[in-house]
Amino acid sequence: MKEDFLSKLDDGQLKAVTSTNSRILCLAGAGSGKTRVLTTRIFYLIQKFKIRPENILAITFTKAAAREMLLRLSLLGTDIKDLWCRTFHSACYRILREVSNKKEISQNFKVADQITQDKIMKQCIADLQKNRDFAYNLNSFIEENNWTLDLFFEETYKLIKECKSRFISLDDLVEKAKKVRDDEAREFLRLVYLIFKSYQERLKKLNIFDFSDLMNRVIFLLENDKSVSGHYQKRFEFILVDEFQDVNLSQVRLLELLCSAKNNLFVVGDDWQSIYGFRGGDVHHILDFKKVYPDCESIILPYNYRSDGNIVNAASRVIKNNSRQMRKKIKAFHPANGKINIVRAEDKARGDSFVTDTIKKLVLKGIKQKDIMILGRTWRVIDVFLKNLPKLGLKEVRITTVHGAKGQEAKVVFIAGLYKGRGGFPHIKDDYEITREIRETNRNERLEEERRIFYVAMTRAKERLFLITEKDNQSMFVREVSRRYVREINC
Ligand SMILES: Nc1ncnc2c1ncn2[C@@H]1O[C@H](COP(=O)(O)OP(=O)(O)OP(=O)(O)O)[C@@H](O)[C@H]1O
Ligand SMILES: [Mg+2]
């Protein structure tokens, strides 16, 4: 055991780790040590209060984050065998297996991963298209609105997921359709309804849960069987949640059901980094935490320990352009050593070459490949690096979308594809009129979410940040990075 683990914390962090309050909210900026605090608190509970690891449930959003957290704990010297450090989905999966086992419910169910879910939904659409009316309606809808089949699929999928995370049933969808004013939006809902119905029937026939159904099934069991909820409330004395700004309604419901008055609930998050609105994530859950738990202790962590001072200051200024946010004062722990590089390329190809050439140079200088990260708003922007870097003998494991980089950090970060318009960043399609009415968000809210995604991207960088844009096609976000923190490069 490392004796000095508490001495590495600042005052706010120490308070968050050691507080005995049973409801704690730690709302703090990027790189302020939220994940570090959460991990250290688990270690502290085990060491100081002799809490058994099996009585702790730690929830994170990605498998990578769960693995990272377990690694950090094992380095601190914790026996992690019985500790549950899981994503929401993986926790629900385990619970459902355990409950099925105990209650002698059939164990035959399978859980569909993302690829299988896509496949099943595509099969449903293909089958429905065998019906002449459906095929005609779908084709007319796509043509009249100038959509592609891909876009239709993407939007349908998103809507179905969102319905599930907000407990909107097929019947509710019909009711919703009645209230929608726009003809095209109503037609879209009618098509989605048929696909949703067929998708559910198919899942049932195959005895498969998708991620959302898995979660909703566990919620159902906890709501309706006191022996199940009692068991898990007793077991998970301590519940800790990372990235709480991105929880959706069903995730919050799950936590409520696991958390009786006796349980200890500790959540950390940053409203400025809420980036899952499209999946039903709702920043209000973190902002309203104090309303739901009036006795909760609120802890602020003011320092950013991750990034160079220029990066911290520039990113904080960018996010100030959003109207919906908690005002937070973020102080950079590190001084301003280097400027942010804005790379203005003649065209996309030159921008891409700049990135590969610079990476080659950095690696020659001794920077490890694992310390370099390439981020894009969408996979399309960064695909080229997945293809080209291996040809140069570079294994750049860390090429990802911004959503995939959540919670992570790297010494050097490239944000590619900072263009305006289609395929760029902000990534807002113009042909959203229809889904906009259905999903009740307006363009400005979407733009603010895009800005938060940009903020997340910037704040991954520890030392050096490169923003790759095109000379005559510059993203509005590049212009929001104040010139005083910037070095300009033309290529
Ligand atoms: N007290 C501290 N002293 C030195 N370094 C620290 C301290 N607290 C955190 N760090 C370091 O700062 C970096 C950011 O910490 P961490 O990842 O926990 O922040 P976070 O708030 O979870 O960030 P994000 O909002 O991106 O998830 C890590 O490298 C961490 O080791
Ligand atoms: Mg974190």
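Summary of computed values
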read-out: Every residue from the range 465-477 that is out of contact with any Phe, Trp or Tyr (no Cβ under 9 Å at 6 or more places or on another chain) and not charged (D, E, K, R); value: 476
read-out: Some residue of the range 298-308 being under 14 Å from residue 25 (Cβ atoms) and either away from ligand 2 (no atom under 16 Å from the Cβ) or hydroxyl-bearing (Ser, Thr, Tyr) (or both); value: yes
read-out: Matching entry among 108, 145 (being farther than 30 Å from residue 218 by Cα and surrounded by fewer than 17 Cβ atoms within 10 Å (Cβ to Cβ)); value: 145
read-out: Checking residue 413 against (1) in contact (Cβ under 8 Å) with a residue 40 or more places away in the chain; (2) over 28 Å from residue 243 (Cα atoms); (3) of a type outside the set (Phe, Trp, Tyr), the condition it does not meet; value: (2)
read-out: Neighbours by Cβ (under 8 Å, 6+ apart or cross-chain): first from the range 84-98, closer than 14 Å to residue 210 by Cα; second of a type in the set (S, T, N, Q) and crowded, with 20+ Cβ neighbours inside 10 Å; value: 88/251
read-out: Residue, farthest from ligand 2 (Cβ to nearest atom), within the range 404-419, restricted to residues that are of a type in the set (D, E, K, R) and surrounded by fewer than 19 Cβ atoms within 10 Å (Cβ to Cβ); value: 411
read-out: Qualifying residues in the range 223-247 (those that are in contact with a helix residue (DSSP H, G or I) (Cβ under 7 Å, 6 or more places away or on another chain) and farther than 22 Å from residue 82 by Cα) - the one surrounded by the fewest Cβ atoms within 10 Å (Cβ to Cβ); value: 223
read-out: Hey, residue 468 more than 30 Å from residue 163 (Cα to Cα) and either touching a Gly at 6+ places or on another chain (Cβ under 7 Å) or modelled with pLDDT of 95 or more (or both) or not; value: yes
read-out: Within the range 15-35, considering residues that are more than 8 Å from ligand 2 (Cβ to nearest atom) and among the basic types (Lys, Arg), the one surrounded by the fewest Cβ atoms within 10 Å (Cβ to Cβ); value: 15
read-out: Members of the range 239-269 found to be within 14 Å of ligand 2 (Cβ to nearest atom) and either without any contact (Cβ under 8 Å) to a residue 12 or more places away in the chain or within 12 Å of the chain's Cα centre (by Cα) (or both), listed by number; value: 242, 243, 244, 245, 246, 269
read-out: Residue count, the range 276-303 (criterion: assigned to a strand (DSSP E or B) and modelled with pLDDT of 90 or more); value: 4
read-out: Residues that are part of a helix (DSSP H, G or I) and touching a Phe, Trp or Tyr at 6+ places or on another chain (Cβ under 9 Å), drawn from the range 196-217; value: 203, 211, 214, 215, 216, 217
read-out: Matching residues in the range 243-275 - criterion: being among the charged types (D, E, K, R), more than 23 Å from residue 405 (Cα to Cα) and in a loop (DSSP other than H, G, I, E, B); value: 262
read-out: Selection count where residues are free of Cβ contacts under 8 Å to residues at least 40 places away in the same chain, surrounded by fewer than 18 Cβ atoms within 10 Å (Cβ to Cβ), closer than 22 Å to residue 35 by Cβ and not small (Gly, Ala, Ser), scope the range 294-344; value: 3
read-out: Qualifying position, being under 30 Å from residue 233 (Cα atoms), part of a helix (DSSP H, G or I) and either at pLDDT below 90 or among the acidic types (Asp, Glu) (or both), among 98, 143; value: 98
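The values are calculated or read from the model by the stated rules, or taken from the named source; none is laboratory data. Nothing here was measured: the structure is a model prediction, and the numbers come from that model. So basically every Cβ, Gly included, is an ideal-geometry build from the backbone, and we count neighbours across all protein chains shown.
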